[in-house]
Amino acid sequence: MENNFDDIFSRFEGRKDELIPLLQSVQEENGYLSPEIIKAIARFTNVAVSQVYGVATFYAQFRFKPRGETHIMVCRGTACHVKGAPRILEEIENQLGVKEGETSFDLKYSIESVACIGACSLAPCIMVNGKVEANLTPKKIGKLFKPAVKII
Ligand code: FES
């Protein structure tokens, strides 16, 4: 959760060219970049808030929403793609009611897609809170996650 970033800031001088490593360090600590953090970084580096956003939004590595309690990384690499990754992603989205790149309102789940999770021989695979789930089928997805509560 968000805290005081003086510790992190103390490792930097506040130069404009430190913006990316600074954003990376803060995100690593906090999990995402909130508007308050962006403002604090802008003050620290003496760069306009809009410019900090400009840099941060340019790079796919930066997140502006918190991750879910269960963070799912769906591999979209070639090996996974040819073995059905798009269907796996679709099934996860349907099961959990969360779209790729988003976090559920209750902060339980977040889904992200990545270029390769380095387990190509186990394709199609995903990573759930850092643990690889291999050789998936849409059917297996239902067993992996408790279905989100649906309003009837
Ligand atoms: S392509 Fe999916 S793990 Fe490498």
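The values are calculated or read from the model by the stated rules, or taken from the named source; none is laboratory data. These figures come from a predicted structure and were not determined experimentally. No Cβ is skipped: glycine too gets one built from the backbone with ideal geometry, and neighbour counts run over all protein chains shown.
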| Test result for residue 114, at pLDDT 95 or above and either within 11 Å of the ligand (Cβ to nearest atom) or under 15 Å from the mean Cα position of the chain (by Cα) (or both) | no
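Here is a yes/no grid of residues against (1) part of a loop (DSSP other than H, G, I, E, B); (2) at pLDDT below 95; (3) touching a Gly at 6+ places or on another chain (Cβ under 9 Å); (4) not aromatic (Phe, Trp, Tyr):
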site	(1), (2), (3), (4)
20	no, no, no, yes
38	no, no, no, yes
52	no, no, no, yes
66	yes, yes, yes, yes
87	no, no, no, yes
95	no, yes, yes, yes
105	yes, yes, no, no
| task | Name, by its number, the condition in (1) buried (at least 17 other Cβ atoms within 10 Å of the Cβ); (2) closer than 21 Å to residue 26 by Cα; (3) within 12 Å of the chain's Cα centre (by Cα) that does not hold for residue 109. | result | (2)
| query | Any chance segment 89-99 includes a residue that's free of Cβ contacts under 8 Å to residues at least 60 places away in the same chain and touching a Leu at 6+ places or on another chain (Cβ under 8 Å)? | reply | no
